[in-house]
Every structure is written in C-alpha cells, then in structure tokens.
Amino acid sequence: MFASQLATHINENGHRAILVFVYPGNAPLPFTGETKHLNGSPKKRMWDLKAWRKLAQIIREEKPDVIQANAGDTLKYAVFSKLFFKWKQPIVFRNASTISLYIKTAPAKILNGFFFRYASKVVSVSKTSATDFAKLFPQFKSRIVTVPIGIEETDFNKAGEVNPLQGASKPVLVHVGGFTYEKNHVRLIEIFEGIRKQQPGASLHFVGSGPLKQQIEDLVKQKGLEQQVRFYGFRNDAMQFIKNADALLLPSIIEGLPGVILEAFYCKTPVVAYDVGGIGEVVINNKTGRLVQKDNEEAFVNNVLATLNNTSENQQLVQNAWELVMSEYLNTGIAGKFLEVYNSLKA
C-alpha cells in the first residue's frame with residue numbers, strides 16, 4: 001500500500017515511478033500509473049530465473065535510475081536479477097521492521113548479509129529499525145538512512161462515504177492489520193475478554209486478511225464471541241473503520257513503524273499499543289497515546305479502559321497525535337525524503 005502511495009507522489013513531483021509486482025495478485029491499490037508483473041513463484045524465490053530475466057528486461061527497456069526493493073523477497077529477486085543479467089542501477093532496500101527478530105541464526109545472517117551487500121542504501125522506517133539493522137550488520141552502517149512511513153490526507157466528507165461500524169455495540173474497538181504471528185491476534189482476544197469484564201457492551205472489529213485469519217475465527221467461535229467480534233477481511237476503506245472507532249488496539253510483538261497508528265492519529269482516534277519496534281517514536285506515552293510494555297496484558301486492558309473515558313486529558317492526547325502526524329508524517333513530505341535518497345545515488 002505505501003509503495004503505491006509513494007509512487008503516486010513521485011509521479012506528481014514530475015518523475016516517473018513504475019510498480020513491479022513480484023508475485024501474482026489482484027488486490028486493488030491506490031495507484032493509476034504504470035505497472036509490470038514478474039509472475040514469480042514464492043516456492044521458487046531462490047531460483048526463479050524466468051522472473052529474474054523478466055525484471056532485467058524491464059530494466060533494460062525502461063532505464064530507471066534506481067531500483068527500490070520494499071521487502072525481503074523483492075530484494076532477493078532484484079539481487080539475483082542484477083547478478084545474472086548484469087544491470088548496473090543501484091538498489092535501495094526499504095527496511096520496514098525489526099530484522100533481528102527474524103534473522104536469528106548464523107546461516108540466516110550470512111544469507112541475508114549476502115543480499116544486503118548489494119543494497120546501495122537501506123531506508124529504515126524508524127530510528128529503532130535503523131539501530132537494529134546497524135547492530136546486526138555493522139558493515140553496512142554507512143548505508144542506512146531513516147525515512148518513516150507516511151499517510152495520505154483523506155476527505156472524510158466525500159459523498160457516498162458510509163460508517164461501516166454503524167450500529168456496532170459500544171465501545172467500538174478496532175484492529176487493522178494482516179493476520180500474521182507478529183500482530184498477536186490470539187492474545188488480543190484475551191485482552192478483549194479482559195476489557196469486556198468492565199465494558200460488557202464492547203465490540204472488537206478486525207480489518208485485514210492473512211494466513212492466520214481462519215485460526216482466529218475458530219478461536220472466536222470456541223469462546224462464543226461471534227456476536228462481539230467481527231471480521232471484515234481486506235478493505236479499501238480501512239480508515240473509515242479507524243475514524244468511527246472509540247480506540248485502535250495494536251498489541252503487536254514485532255513492528256517497524258505501522259502506518260495504521262499514523263492513520264489513527266489523523267482520524268483523532270486514540271491508540272493503545274505495545275512498546276515494540278518504532279512504535280514508541282510516535283506513540284509517546286500519555287502525550288500522543290498510551291504505550292504498554294510488551295506482553296503486559298493487564299496493563300493493556302487498563303490502558304484501554306482509561307482511554308475510553310471522556311476526559312480532557314484524552315482529548316488532548318488525540319489532538320497532540322493529530323498535530324504530530326500533520327507536521328511530520330504526510331506522504332507529500334515523505335516522498336521528498338525518498339527523492340533525496342535517490343538523488344544521493346546519482347551524485
């Protein structure tokens with residue numbers, strides 16, 4: 001999603017960005033520019049000669065100045081294509097997480113170090129992510145820069161926009177994110193049960209899809225929470241859910257800097273999150289939101305309950321958060337920072 005938004009702003013700045021999709025898919029994205037498809041296979045990511053050749057062909061035809069890899073698999077494809085087909089353009093790798101939590105063994109470190117060797121710049125999404133990368137791969141420290149994720153300004157008054165949570169039992173709690181291990185959905189269900197002890201009318205709404213979605217749906221059925229917990233799958237109007245919620249909950253155990261927090265700030269929806277990755281760089285406890293020590297579920301419950309109170313303190317928190325995102329995290333400004341990185345490689 002962010003890559004699509006970034007590419008749009010790069011085009012608006014008078015440049016030309018092309019999105020290249022490694023794997024097949026049909027998810028709608030907010031991008032109307034040029035797109036290309038490699039039709040790669042996740043099962044062949046370490047030996048997908050056809051897709052590597054296709055990428056090299058695109059590079060020969062389009063003659064880009066920079067190749068940006070936005071995730072681990074895209075970096076693998078870019079590096080192998082560059083090595084096999086000898087194109088010269090620099091690669092920029094976007095580090096959007098805390099990689100030490102994934103790269104835990106010596107073989108994994110050696111393998112990933114091989115790929116990172118070919119990244120001319122490593123753009124980390126937060127100071128925490130940058131520090132973590134430099135600690136794990138100090139030989140690449142000079143290549144690391146920090147450029148945060150940004151968000152799009154949104155007109156919530158457009159004709160036809162509806163509240164997807166209308167009629168939901170209050171307080172309305174929302175989680176937006178993929179159903180993966182890092183997002184900690186199982187424990188969020190436990191947290192929700194703790195909240196319901198004090199707020200029996202509470203409802204929890206999951207926006208997103210992913211490999212663990214069925215497991216969480218089964219868990220909700222086992223606990224008899226089908227009426228209180230709802231699943232919506234992938235939605236293009238996720239910000240409408242955030243805007244109409246009483247709080248956004250993010251008990252992730254691994255993160256970089258999740259854009260969904262910035263979207264909540266923009267919507268003036270309060271945030272309760274675990275202090276992992278770069279979250280603490282934007283969720284400043286008792287200033288822009290409520291930050292909880294990882295795995296402290298009782299404290300998470302208590303902070304959600306405190307957030308739901310209609311107090312002047314809580315109103316000030318969401319105002320502070322809105323001011324932060326408007327001054328530092330809009331994509332119009334973030335795109336300019338990426339262009340500075342690209343231009344530094346042309347010098």
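The values are calculated or read from the model by the stated rules, or taken from the named source; none is laboratory data. Everything quoted here is computed from the prediction, not taken from an experiment. For neighbour counting, all protein chains shown are included, and Cβ atoms are generated from backbone atoms with ideal geometry for every residue, glycine included.
Under the condition of being closer than 22 Å to GLY259 by Cα, without any contact (Cβ under 8 Å) to a residue 24 or more places away in the chain and of a type in the set (Gly, Ala, Ser), the residues counted in the stretch 1-24 number 1. Considering only residues of the stretch 145-163 that are of a type in the set (A, V, I, L, M, F, W, C) and either at pLDDT 95 or above or out of contact with any strand residue (DSSP E or B) (no Cβ under 8 Å at 6 or more places or on another chain) (or both), which is surrounded by the fewest Cβ atoms within 10 Å (Cβ to Cβ)? Per the stated criteria, the residue is ALA159. Residues in the stretch 221-246 that are in contact with a Lys or Arg (Cβ under 9 Å, 6 or more places away or on another chain) and aliphatic (A, V, I, L, M) were compared, and the one that is nearest to THR180 (Cα to Cα) is VAL229. Within the stretch 83-98, the only residue that satisfies the criterion of being touching a strand residue (DSSP E or B) at 6+ places or on another chain (Cβ under 8 Å) and of a type in the set (Phe, Trp, Tyr) is PHE93. The number of residues in the stretch 104-119 being in a helix (DSSP H, G or I) and of a type outside the set (Gly, Ala, Ser) comes to 8.
The test for being in a loop (DSSP other than H, G, I, E, B) and not charged (D, E, K, R) does not hold for THR74. Of all residues in the stretch 269-283, those that are part of a loop (DSSP other than H, G, I, E, B) and hydrophobic (A, V, I, L, M, F, W, C) total 3.
For the condition among the basic types (Lys, Arg), under 25 Å from ARG117 (Cβ atoms) and outside the structural domain of ALA238 (by TED's automatic domain parsing), ARG16 does not qualify.
Can you tell me which residue is farthest from LEU330 (Cα to Cα) among those in the stretch 254-268 that are in contact with a Gly (Cβ under 8 Å, 6 or more places away or on another chain) and not in a helix (DSSP H, G or I)? It comes out as ILE254.
For the stretch 309-347, the set of residues classified as assigned to a loop (DSSP other than H, G, I, E, B), closer than 16 Å to THR269 by Cβ and more than 25 Å from the chain's Cα centre (by Cα) consists of ASN309, ASN310, THR311, listed by residue number.
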